[in-house]
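Q: Below is a structure I'd like to ask you about.
The values are calculated or read from the model by the stated rules, or taken from the named source; none is laboratory data. Treat the numbers as computed from the prediction; the structure is a model and nothing was measured. Note that each Cβ is placed from the backbone with ideal geometry, even for glycine, and that neighbours are counted across all protein chains shown. For the accessible areas, the whole protein counts, side chains as well, though only heavy atoms, and no ligand, DNA or RNA atoms are used. Shrake-Rupley method; radii C 1.70, N 1.55, O 1.52, S 1.80 Å.
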Amino acid sequence: MDPIINAVLKPKSIAVIGASTNPEKIGYKVVENLKNCGYQNPVYPINPGAEEILGYKCYPNIKDVPYVIDAAVITVPAKFVPEVVRDAGEKGVKGLSIITSGFSEVGDVALENEVVSIAHEYGMRIIGPNIIGVLSNSDNMNASFTNFLPLDGKAALVSQSGALLIAMDAATYTRRVGFDKMISIGNQADLDFADLIAYLNEDENTTCITLYIEGIKNGARFMEEARKCTKPIIALKAGTSAHGAAAAASHTGSLAGSAKVYEAAFQQAGVSQAEDLNDMFDTTLALALQPTMKGDNLLIVTNGGGVGVLATDAAEKYGLPLKFAPEEVQAELRKHMPSFGSAKNPVDITGGAGLEGYYEGVKYAYAHPWVDGLAVLYCETSVTNPQEIAEAIYNSIQESGATGKPVAVSFIGGERCEAAMKWLIEHDIPTYNAPDLAVKALASLRKQNEMLATSHNAPYKPTDVDGAKAREIIAAARAKGRDALIEVEAKHVFAAYNLPVTPTELAKTEEEAIQLANQIGYPVVMKIVSPDILHKSDAGAVKVNLKSDDDVRNAWKVIMENSLKYKADAEIDGMAVQQMAPWSTEVIVGSVNDSTFGPTLMFGLGGIFVEVMKDVTFKVAPIDENTALNMQSEIKASKILKGARGETPRDQKALANVLAHYSYMIYDLKDEIAESDANPVIVYEDGKGVAVVDARIILTKK
Ligand code: ACO
C-alpha cells in the first residue's frame, strides 16, 4: 500500500490550510465536518488571523505547528496555493487534498503544473485540485465540504465530479448502498484513477470500487491497474459522444468513438460498465456484498408466477438464460410447495408459500452444487409477513452450509417490504424492488467472474513477426515526404507481421505490369497507385478479373484515362498488380490510435454491415487469439461467420490469428501507425484460411 496515499486517505493528523471562522466559507465547513463526523485524530486549522476555530487551536502558518502532520486540506484561493503547498512541504506533510478550483479546469494548466512540481519536490502527492474532499467511514473522517459521511458500507467511490459526489453521498441513504470511502479526484493533476484503484485494492475496508469517470488521462496505466485489481470495479462513464470521429481519415477512424473504445477497454480490464446512475448503485450493491458467480446455472425461487416470468425474461436479456433444474433438485423442491407449484426453473412455490417454503426451498437450492447463483423473489401477500420472509431467506442461506455463491433478492410490495429490504441489505444481501434488478445483479456478478478470468492474462506477443522490416518500409515512405503508405507498401508491412496478404507489386510501366501479372499468376486485379486518388473505385481506377496479357494492356489504358479524367494533374506512381482472391465472406479489420487507450483494433463484417449497420466492435491492442475469437461473436452478424442457413462455417480460427497479429502490429508500431484498414479481408470456409485483399496505413505525424 502506497504510504503517501495512505497518509491522505487515512491521516493520523490533518491541517486545514485556509480554515476560516466564517461559517459561510469552505475553510470553516471542512473543520466543522471533521469535528461533527467524529474524526478522532488531531486537526490543525491554519489561518493568519484566527486564534481558534471550533475549539481547535489555530496556527498562522503550517510551519508553526509543533507536531507531525500527515495530510493537509487546502482551501485558500488558487493564487495562494503554490505558496501554501511549499509551506506544507517544508513542514514535512506527506500528502495534500486541494479543494480549491481555478486550475486546468479553467485553462490555467501552468498554475496546476507549478503546484504539482512543488509538491513532488517535497515527495508529497496531491488529490485534486478542484475537489469536494475525501470522506471515510472507517476513520470517521469527513475532510470535505459536504455535510455528512455516506451510509456506511463496503464500497469505495472515486468521482471526478464534485457535485455528483455530494448528491451521491446523500443518495446512499435513500438507495441503501453503503460506502466506506468517497474520494473526489477533480482534475487528477497528480493522483488519478489508476493510483486510487491500486490503493483501494489493498484497502481492508473496501470490497468493491465504484468509479464515476469523465475522462481518463493515461488509458494504459488505468488498464494495467484495473487488471491487477482483484476486487470488482464498476465504472459509470459520462460523455459518451463520438467526438473527434468525423475528423478521422480512415474508415475505422470514422467508426470509432471514445465511447466504444472506453467500453472495450473496460471489458478487457475487467471493469463492469454501468449504464446509468441507477445501474451504478444497483451493481455496486451486488458487487460490494456478494461473491462473483462461477457458472451459468441461475435458479429463481418465487412465490409469484408473474414476477417469475419477468425474472426469466431478464435472465435471457442479461445473458443468463434459465435452464431447468436437474430432476433430483426438482423432486426435493416439490416437497416444500403445494401440488400446484412448479419445481422447474423458475421455482414457483406459489402465493400460498409461507416461511417453511422459503426457508426449506432456499436452503436446499443454495446448497445444491448445480446452483451457481440464486435469485429469490417475493410478492407481498396477505398471509405472509415480509420481515419474517426476509429473516427466513437470510437464515436459510446462513444455515445451508454453502458459501461462495451469490444470492440476490427482490421484494415487491409496500412499506413492510421496504423495511424488510432494508434489513436484508443490512445483512449483506442485495435486495431490489423489481425482479429484473435482482437477476441483473446476478448477471453482473457472472460477468465479473468471466472478465476476471481473462483480464489477468499476459499481453499477447507473437514471435513470427519482423518489426524491423516494417519500420524500414515506413522510414523509406517518410523519407519521400509521405504520411500515408501506398497499398503495396502497406501490404508489405502487413506481411512483415505475418498477415496473409494477397501478393501485390507495383508496376511502373505497362510492360512491367504484364511481367508481374505472369509472375503472380492470372487472374489479377489492377489499381491505380496515386497519392491524389484515394477512392480508386469511384475514379474507375480498379479493374478486376484480368485473365491475360491483353486484358492487362487494356486495363492499363482504361485505368490511366479514367484516373486523369478524375484528376487531370494527379501524381501517378504506377499501378498495383495483385492476385485476384476468390470471393467469399468479406470482413473489415482496422485500427485507430485512441488518444486515451492507444492503438485500438476494429472488426466487423464488410460491405453493407459496416457501411449501413455500423456493426463493428473494438478492442484495445494487443489481443490474443482467444479474445479475437470472442471479438467475432460480439458483432450482431456473427451468425454469418458461424455458418448461417446451412452454410459452412467460415475459418474463424484463421481470422482470429489475423486479428491477433494485426493487433500486435498496431501495438508494436504505435509510434508509426495513426490509422489503418484491411478492407476487405476475405474469410473462406473453415480450414481454408483468410486473404487480406486491400491495405491502408496512415502514418503518425512526426
Ligand atoms: N494561509 C492560511 N490561510 C489563508 C492564507 C494562507 N496563506 N491565505 C488566505 N487564507 C485564509 C483567508 O484569510 C480566509 O480566511 P478568513 O475567512 O478567516 O479570512 C480563508 O483562507 C479562505 O480564503 P478566502 O480568500 O476567504 O477564500 P474563499 O473561502 O472565499 O474561497 C476557495 C477559497 C473555497 C478555495 C475558493 O477559491 C474556491 O476554489 N472555491 C471552489 C471550491 C470548489 O467548489 N471545489 C470543488 C469543485 S468540484 C465541483 O464539481 C463543484
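Q: Taking amide H positions as placed in the peptide plane 1.01 Å from N, state which residues far from residue 675 in sequence (5 or more) or on other chains have amide H under 5 Å from it.
A: Amide H to amide H, under 5 Å and 5 or more residues apart or across chains, residue 675 pairs with 698.
Q: Measuring with a 1.4 Å probe in the full set of protein chains, what accessible area per residue, in whole Å², belongs to the chain? Each step should come with its number before you reach the end.
A: Working: 28370 Å² over 702 residues.
Per-residue accessible area for the chain comes out at 40 Å².
Q: If you take the beta carbon distance between residue 309 and residue 1 as r and set R0 to 35 Å, what does 1/(1 + (r/R0)^6) give as a FRET efficiency, to the nearest 0.05?
A: According to the calculation, E is roughly 0.15.
Q: In nm, to one decimal, how far is the modelled label at residue 68 from the one at residue 399, with both set 7 Å along Cα→Cβ?
A: Reported label-point gap for residue 68 and residue 399 is 5.1 nm.
Q: Another question about this same structure. Rounded to whole Å and sorted largest first, list the principal axis extents of the Cα atoms in region 510-607.
A: Principal-axis extents of region 510-607 (Cα, largest first): 50, 34, 22 Å.
Q: Got the relative contact order for region 282-352 handy, in percent, Cα pairs under 8 Å and 6 or more residues apart?
A: Once divided by the residue count of region 282-352, the mean separation gives 37 percent.
Q: Is the C-alpha gyration tensor of region 294-433 telling us rounded, prolate or oblate? Criteria: a/c under 1.5 is rounded; beyond that, a/b larger than b/c is prolate, otherwise oblate.
A: Here region 294-433 falls in the rounded category.
Q: List the relative contact order of the chain as a percent without decimals, with contacts defined as Cα pairs under 8 Å and 6+ residues apart. Write out the running numbers ahead of the final one.
A: On the way: 1561 pairs, mean separation 61.6, N = 702.
Relative contact order for the chain comes out at 9 percent.
Q: Membrane-span-like helices in the chain: DSSP H runs reaching 20 Å or more (Cα, own axis), mean Kyte hydropathy at least 0.0?
A: 652-668
Q: Residue 534 to residue 554: extension gain in nm, 0.36 nm per residue of separation minus the Cα-Cα distance?
A: Contour length minus the Cα-Cα distance gives 5.0 nm.
Q: Still on this structure, please answer the following. Among the DSSP beta bridges whose two residues both lie in the chain, what percent are antiparallel, rounded to the nearest 5?
A: So the antiparallel bridges amount to about 50 percent of the total.
Q: Of 260/480; 536/614; 469/636, which sit over 29 Å apart, Cα to Cα?
A: On the way: 260/480 35 Å; 536/614 22 Å; 469/636 37 Å.
Over 29 Å Cα-Cα: 260/480; 469/636.
Q: Could you work out how far the C-alpha centroid of region 32-61 sits from that of region 560-579, in angstrom?
A: 78
Q: Using a simple charge model, +1 on the beta-carbon of Lys and Arg, -1 on the beta-carbon of Asp and Glu, nothing else, what dipole does the chain show about its Cα centre, in debye to the nearest 20?
A: Dipole magnitude for the chain comes out near 240 debye.
Q: To the nearest 10 square angstrom, how much accessible area does residue 501 have with a 1.4 angstrom probe?
A: 40
Q: Does the chain come out rounded, prolate or oblate by the C-alpha gyration tensor, with a ≥ b ≥ c the root eigenvalues, rounded set by a/c under 1.5 and, if not, prolate when a/b is larger than b/c and oblate if not? List each step's numbers first, then the result.
A: Values: a/c = 3.15, a/b = 1.35, b/c = 2.33.
In terms of gyration-tensor shape, oblate.
Q: Once fully extended, how much extra length lies between residue 571 and residue 388, figured as 0.36 nm per residue of separation less the alpha-carbon to alpha-carbon distance?
A: On the way: separation 183, 0.36 × 183 = 65.88 nm, distance 8.34 nm.
Stretched fully, the residue 571-residue 388 segment lengthens by 57.5 nm.
Q: With a ≥ b ≥ c taken as the square roots of the eigenvalues of the C-alpha gyration tensor of region 287-376, please select rounded if a/c is under 1.5 and otherwise prolate if a/b is larger than b/c or oblate if it is not? Walk me through the numbers before you get to the answer.
A: On the way: a/c = 1.59, a/b = 1.37, b/c = 1.17.
The shape class here is prolate.
Q: Given a 1.4 Å probe and every protein chain left where it sits, what share in percent of the accessible area of the chain is carbon and sulfur?
A: Values: 14480 of 28370 Å².
Taking all protein chains in place, the chain shows 51 percent carbon and sulfur surface.
Q: Something else now. Over the heavy atoms of residue 124, what accessible area does a 1.4 Å probe trace out, to the nearest 10 Å²?
A: Approximately 0 Å² of residue 124 is accessible to the 1.4 Å probe.
Q: With the cut-off at 31 Å, tell me which of the pairs 491/642; 228/653; 440/461; 335/447; 25/94 have Cα atoms farther apart than that.
A: 440/461; 335/447
Q: Given 0.36 nm per residue, what is the gain on full extension from residue 220 to residue 469 after removing their alpha carbon distance, in nm?
A: Values: separation 249, 0.36 × 249 = 89.64 nm, distance 2.65 nm.
This chain segment gains 87.0 nm when fully extended.
Q: For a label point 7 Å from the Cα of residue 22 along Cα→C-beta, name the residues of region 43-66 whose backbone N is under 17 Å from it.
A: Within reach of a label on residue 22, which here means backbone N under 17 Å from a point 7 Å along Cα→Cβ, region 43-66 contributes 46-54.
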